Amino acid sequence: MDKIDREILERVADLHKVPTGSFNIRKNGESVARNSTKDIEIVPKKNKSGIDIIVKDGVKNKSVHIPVILTLGDFHDLVYNDFYIGKDCDVTIIAGCGIHNKTCKDSQHDGVHSFHIGKNSKVKYVEKHYGTGEGSGKKILNPITKIYMKEGSCMNFESIQIGGVSSTIRKTYAKIYDHCLLNIKENILTTDNQYAKTYFKVELLGENSKCDVVSHSVAEGQSYQEFVSDMIGKNKSFGHVECDGILMDEGRIVSIPKIDAISKDASLVHEAAIGKIAGDQLIKLMSLGLSQEMAEQTIIKGFLYN
Amino acid sequence: MLEIKNLNYAVIENGAKKNILNDINLTFKDNKIYVITGHNGSGKSTLLKIIMGIAQKTDGQILFNGQDISNISINERAELGISYAFQQPVTFKGLKVKDLLDIATSEKHNLSAMCDILSKVGLCAKDYIDRALDDKLSGGELKRIELAVTLARKGKLNMFDEPEAGIDLWSFENLTALFENLKGATNIIVSHQKRILEIADEIILMSDGKVVLQGNREKVLPKLSINACGRLREVNNG
Ligand SMILES: Nc1ncnc2c1ncn2[C@@H]1O[C@H](COP(=O)(O)OP(=O)(O)OP(=O)(O)O)[C@@H](O)[C@H]1O
Ligand SMILES: [Mg+2]
């Protein structure tokens, strides 16, 4: 592993060394390091590229890291990772992908992740995306996340794009059942001519199922973002979608919400606010001694990463 | 010392000029508490905003310790020691109470330092420093935090815009004590409350963008009519 690999691992998975516990590190389409434990087993798929991550019933306070590194241009990586989480678990999954592309040809990673979360289990899933490398080749990340939640389970999903990704289309599909709670937090930064589209489809199928989607995004330069959400309440349920965007320079963010309460007992809320940094926020920080530039950075950093 | 000379502020509204402040002349000396009072819309907040640099005067002079500050930025004025607690505290998506305190003093505080600052305004640091500065905080909590952040700057010129608004009466005594302890700096408080007026060294009454009455408390207070709730009601121009 070289310096670039280590930097990517730090950025996308907060890894400073080889993790303890279960992990799988994928580089340029191949698994370069893997460890299973008795609680969390990682099994390579036979018929296609990817792994099954199997968490036994009752496993608590354990984590699994599955970062991906891509350092080749003219390379399209497609991977299928399936998570099978038993019942009564409490686990943290750190995924994420960093692309370093210094060539003039595109480099792309498409991760298709599916989560089967057992009864009364709690999962924290963090997926961070990041691109570097000065080449003119694009850094493209198109993740697909499918979530199936059984009764009483809870998932906290953080989807973060910290910069440098030329183009991304991020799709998330969730079906959630009785007494489940799904929290999705999305933070996206685009700059220059980057493009980002996110799409959420959440079906609240169970009684007292609950979903909260909060998206904070910043579009700088001439970048363009689209936020599309589709939330369907088919039972007595609660759904909330919030899309907040800050525009800098010539950046643009388009928000297209759809909420559909098929059940009369579903309560669905959508909020969206897109615009420049609020003037009063800038003024407040400047009155505390920050220059305008510092104040802007502070507001954006807090908005994206707090 | 802050001197305001022949200050005017006008805006263009629907194509017509609207005067908001008219020929204001005021001197704020060191180590004193000045309370500005007057009807809603009389121009009190606008005056403070112009002093802070948030609004730009149309003409006139603002001298802070002899230096004309009318053309320097908000943060440069902050660096000179001018600080301003807003009438409407600002909320942020993504900043916590402790972040704002750190920014205000440009240092990282530990819990005990935060405790010192927040306990002054009656808040327990443990309960608040990790709270987001958003509208999940109550109006009174936001006002107290605004006050704490402003005090933390240890300014040479402190301006408080209706600091008592939303703060329960029980805490009033502490609030007035807080201001009395700020001697050593120049303090300007905008307020409608009798108990705040009572701690003033000088009172300034504004009406329609003008200063209509000013002088030491003993002289001015009896001329103000205050209703049963302790709020300023009307002027007795006697
Ligand atoms: N930028 C502006 N454009 C138009 N009108 C303004 C502007 N700024 C202030 N005003 C008007 O000037 C008047 C004074 O406002 P200001 O906020 O200073 O009043 P105030 O004395 O602080 O009132 P309150 O006691 O309600 O806080 C108000 O009528 C207000 O609408
Ligand atoms: Mg006011």
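The values are calculated or read from the model by the stated rules, or taken from the named source; none is laboratory data. Treat the numbers as computed from the prediction; the structure is a model and nothing was measured. Neighbour counts are summed over all protein chains in view; Cβ atoms, including those assigned to glycine, are modelled from backbone coordinates with ideal geometry. The area values use the complete protein model at the heavy-atom level, side chains included, leaving out ligands, DNA and RNA. Shrake-Rupley method; radii C 1.70, N 1.55, O 1.52, S 1.80 Å.
I'd like the projected area of the protein assembly as shown, averaged over all directions, using the convex hull of its alpha carbons. Report it in nm² with one decimal. If you can, show how the numbers build up before the last one.
On the way: hull surface 120.5 nm².
Over every viewing direction, the Cα hull of the protein assembly as shown projects on average to 30.1 nm².
Going by a ≥ b ≥ c, the root eigenvalues of the Cα gyration tensor, does chain A fall in the rounded group (a/c under 1.5), the prolate group (a/b larger than b/c) or the oblate group?
Values: a/c = 1.73, a/b = 1.07, b/c = 1.61.
Oblate, since a/c reaches 1.5 and b/c is not below a/b.
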(message) Can you give the local net charge around A:L9? Use residues other than it whose beta-carbon is closer than 13 angstrom to its beta-carbon, Lys and Arg +1, Asp and Glu -1.
(response) +2
(request) For the range B:205-213, take each phi angle, set θ = phi - 60°, evaluate the Karplus expression 6.51 cos²θ - 1.76 cosθ + 1.60, and give the result in whole Hz per residue in order, putting x for glycine and proline. (result) 9, 10, 8, 6, x, 10, 8, 9, 7
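In chain B, carbon and sulfur make up what percent of the accessible area (probe 1.4 Å)? Don't jump to the answer; show the numbers that get you there.
On the way: 4980 of 11010 Å².
Taking all protein chains in place, chain B shows 45 percent carbon and sulfur surface.
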(request) Report the normalised scattering of the range B:2-235 as log10 I(q)/I(0) at q = 0.09, 0.16 Å⁻¹, calculated by the Debye formula with identical scatterers on the alpha carbons. (result) -0.38, -1.18
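In deg cm²/dmol and to the nearest 500, what is the mean residue ellipticity at 222 nm of chain A if only DSSP H runs of at least 4 residues count, each as -39500 (n - 2.57), divided by the residue total?
Values: 3 runs with 34 residues, N = 306.
It lands at -3500 deg cm²/dmol.
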(request) Would you mind checking which residues have amide H under 5 Å from A:S114's amide H? H placed 1.01 Å from N; only 5 or more apart, or other chain. (result) A:N81, A:D82, A:F83, A:K146
(request) May I ask for the accessible area buried between chains B and A, both sides summed, probe 1.4 Å, to the nearest 100 Å²? (result) 1700 Å²
(message) Just to confirm a number: summing +1 for Lys and Arg and -1 for Asp and Glu over residues other than A:Q222 whose beta-carbon lies under 10 angstrom from that of A:Q222, what do you get?
(response) -3
(message) If each DSSP helix of 4+ residues adds -39,500 (n - 2.57) and the sum is divided by the residues in chain B, what number results at 222 nm, nearest 500 deg cm²/dmol?
(response) -7500 deg cm²/dmol
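Rule-of-thumb check for the range A:166-275: C-alpha Rg over 2.2 N^0.38 Å? Walk me through the numbers before you get to the answer.
Working: Rg = 14.7 Å, N = 110, 2.2 N^0.38 = 13.1 Å.
The value comes to 1.12.
Identify the GluC sites (Glu not before Pro) of the range B:105-162 meeting these criteria: DSSP loop state and at most 11 other C-beta atoms within 10 Å of the C-beta. Write down the numbers at each step before the final one.
Working: sites: B:E107, B:E141, B:E146; in loops: B:E107.
Loop-located and lightly packed - B:E107.
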(message) List the residues, sorted by chain then number, that are 5 or more residues from B:V212 or on another chain and whose placed amide H is less than 5 Å from its amide H.
(response) B:L205, B:M206, B:S207
(message) Just to verify a number: what accessible area does A:K185 come out at with the full protein assembly present, 1.4 Å probe, Å² rounded to tens?
(response) 80 Å²
(request) Report, by chain and number, residues whose modeled amide H sits under 5 Å from the one on A:G245, excluding near sequence neighbours (fewer than 5 apart, same chain). (result) A:S217, A:A273, A:I274, A:G275
(message) For a test of the definition: using alpha carbon positions, the gyration tensor, and the 1.5 limit on a/c, classify the range A:1-147 as rounded, prolate or oblate.
(response) prolate
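What's the carbon and sulfur percent of chain A's accessible surface, probe 1.4 angstrom, rounded to a whole number? Show your work: numbers first, answer last.
Values: 6390 of 13160 Å².
Answer for chain A is 49 percent, counting heavy atoms of protein chains only.
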(request) With θ set to phi - 60°, apply the Karplus curve 6.51 cos²θ - 1.76 cosθ + 1.60 along the range A:236-253 and write out the HN-Hα couplings as whole Hz, x wherever there is a Gly or Pro. (result) 5, 8, 9, x, 9, 10, 10, 10, 10, x, 10, 9, 10, 6, 9, x, 9, 9
(message) Through the Karplus equation 6.51 cos²θ - 1.76 cosθ + 1.60, θ set to phi - 60°, convert the phi angles of the range A:15-25 into ³J(HN,Hα) values in whole Hz; use x for Gly and Pro.
(response) 9, 9, 8, 4, x, 8, x, 7, 7, 9, 10
